[in-house]
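Reading through the structure tokens given below for one structure.
Please treat every number below as a calculation from the coordinates, not as lab data. The structure displayed is predicted, hence computed values, not measured ones. In this analysis, Cβ positions are derived from the backbone assuming ideal geometry, glycine residues included, and neighbour counts consider all displayed protein chains.
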Amino acid sequence: MPDELQPMTLAQISRVLKPCGKFKLLEMMYSKNEAIRRRKEIFTPFVEKVYGARFDRKTAQFIEQSVDLEFTR
């Protein structure tokens, strides 16, 4: 999901969750390990074309900024 839509989407998820409800998200991100990151960069065009996913989204940052969602790593 594009970065510009993520804050609004997270707010809506928070709105519809039951009190004390949990939202679990699997996010694929670039590794901090340089060797692994380089391998992912090779497959990035394929992953984006086939799945519409990207490894450089700021999803974790948006979730951490959301005060209404519990975020666990």
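Descriptive notes on the structure:
- Förster radius 22 Å - calculated FRET efficiency between TYR30 and GLU4, Cβ distance, rounded to 0.05: 0.65
- Under a model in which nothing but the beta-carbon of Lys, Arg (+1) and Asp, Glu (-1) is charged, the chain shows a dipole of about 280 debye around its Cα centre.
- Computed from backbone phi, the HN-Hα couplings of the range 35-52 come to 5, 5, 4, 4, 5, 5, 4, 5, 8, 4, x, 5, 4, 5, 5, 7, 10, x Hz, rounded to whole numbers (Karplus: 6.51 cos²θ - 1.76 cosθ + 1.60, θ = phi - 60°; Gly and Pro given as x).
- FRET efficiency, GLU41 to GLN65 (Cβ-Cβ, R0 25 Å, nearest 0.05): 0.40
- For the range 3-65, with +1 on Lys and Arg beta carbons and -1 on Asp and Glu, the positive-most of TYR51, CYS20, THR9 along the dipole: CYS20
- Across the chain, the convex hull enclosing all Cα atoms gives 95 Å³ per residue.
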